[in-house]
Amino acid sequence: MNDSQAGARRPTRLTAATLVLALTAPLSFAQALNAPAAPPQAAPAVESKLDTITVQRGDLQQTVDAIGKLQFRQFADVNVQVAGQIKEVLFAVGDAVREGQPVMEISPTVRASQVESNRAQMARLRAELADQQAQTDFAELQFKRQTQLKAQNATRDESVESSRMNLSSARARVDAINAQIQQLEATLKSDEENSRHKQVLAPLSGTVVALNARAGQTVGAGQPGAPLMRIADLSQLTVQARVAEVDVTRLKRGMTANFQTPGYPGRTWSGKLRQVLPVPADGTAEQGKQTFYNVLFDVDNPEQELMSGMTAQVQFVVAQAKDALLLPVNLLGKRDATGMYEVHVVNAERRIVTRKVKIGVRTAQQAQVLSGLDAGEQVLVGPVPTPALQPRPAATVGAP
């Protein structure tokens, strides 16, 4: 085949291809026009990994925290009632004693010879009183006789007045002797009482916690200074906690108070609030200083594990919730006018939905959920991803 023949056939092939394209193009365009439009898509499920927290049940307590010290609930100081010398101390610090049990022996300074001398003087005064009483009786008779004679004008006025003065003087001497007898009776009673106080008895049952007495020590009744012995009941102690002014008004008598002490890590003791002292604690309420108040509650100590002076880390339970739905406070959104809070929940379809929740008891870390959430639901931590909030755009027909 020569070039002229080949050139003559090429236009024929181009015309056929063009014809096929022209026939098929209208059909494809018609199909495109008749195809249904793509449905719009809802908010897509979040495919990326989200940071969530599971709503769980637990116990929650709203507390007022304070620092306190353990101290004796009941104690008594032992001192002597008479002057004398300590003969023997029968107990040491840490020993247990019973009420009425002798704890010390005293040698009183009052001697038996002094008591006998006072008794002899008492006998002499009673004899003087009897003699003076007889003289008084005679003076009364003389006065009566002179009075009768005067009525008969048989005696002088001077005799009557003399008998009157003698009777008054005799009666005065009787009164003076009686006063001396009463004074000596009191002295004798005191001496006899002192002679019987050779033993000092325990005022209550407990443990000796302080001792300032030794054998041979001279002591006096009511002497100033530290007590000779202190006995305390260690079966119950008192916690004295210092509570700030801003918190003390939230405390009420009878509320539960828990505390821990560094001496027993991991252990907790409990008691009931007994009293809020109505005056500021020492060293507070001064100019430029914060005001604190002392709050007291008692704790049982049957094993005597706790000791006076231990530090107590106290939590007064202001409110509590048992087996409650709990949610971290930092996940709560804005609070609306009705008191509800907004949170974001990741549902089973991995979609993020907004919920309104009602809160009850809350602390600085957790809050009790009263409504709006169920146990096991996943609450989103952090901001909501932008794709989860906006639906994808639908496909545009005929877009290039």
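When you check residue 150 against the structure, is it out of contact with any helix residue (DSSP H, G or I) (no Cβ under 7 Å at 6 or more places or on another chain) and among the basic types (Lys, Arg), yes or no? Full working, then the answer.
Details: out of contact with any helix residue (DSSP H, G or I) (no Cβ under 7 Å at 6 or more places or on another chain): no; among the basic types (Lys, Arg): yes.
Here the answer is no, as residue 150 does not meet what is asked.
When the residues of the range 64-96 are narrowed to those that are farther than 16 Å from residue 274 by Cβ and of a type in the set (Val, Ile, Thr), which ends up surrounded by the most Cβ atoms within 10 Å (Cβ to Cβ)?
Residue satisfying both the conditions and the ranking: 78.
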Could you please tell me which pairs satisfy a Cβ distance under 6 Å, a separation of 6+ or placement on different chains, a first residue in the range 212-238 that is within 29 Å of residue 309 (Cα to Cα) and in contact (Cβ under 8 Å) with a residue 24 or more places away in the chain, and a second residue that is buried (at least 19 other Cβ atoms within 10 Å of the Cβ) and of a type in the set (D, E, K, R)? 236/73; 237/73; 238/73
Show the residue pairs meeting these rules: Cβ distance below 7 Å; 6+ apart or different chains; first residue within the range 151-167 and β-branched (Val, Ile, Thr); second residue surrounded by 10 or more Cβ atoms within 10 Å (Cβ to Cβ). 155/146; 155/149; 160/146; 160/147; 160/150
Say whether the condition of being in contact (Cβ under 8 Å) with a residue 40 or more places away in the chain and among the polar types (S, T, N, Q) is met by at least one residue in the range 261-278. yes
Does residue 142 satisfy the condition of being under 15 Å from residue 176 (Cα atoms), assigned by TED's automatic domain parsing to the domain that holds residue 170, modelled with pLDDT of 85 or more and surrounded by 13 or more Cβ atoms within 10 Å (Cβ to Cβ)? no
So residue 168, is it hydroxyl-bearing (Ser, Thr, Tyr) and at pLDDT 85 or above: yes
Qualifying strands (runs of 3 or more DSSP E) (wholly inside the range 241-359; at least 2 residues being in the same structural domain as residue 56 (by TED's automatic domain parsing) and surrounded by 14 or more Cβ atoms within 10 Å (Cβ to Cβ)): 311-328, 341-346
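The values are calculated or read from the model by the stated rules, or taken from the named source; none is laboratory data. Predicted model, so just to flag it, every value in this text is computed and none were measured. Neighbour counts are summed over all protein chains in view; Cβ atoms, including those assigned to glycine, are modelled from backbone coordinates with ideal geometry.
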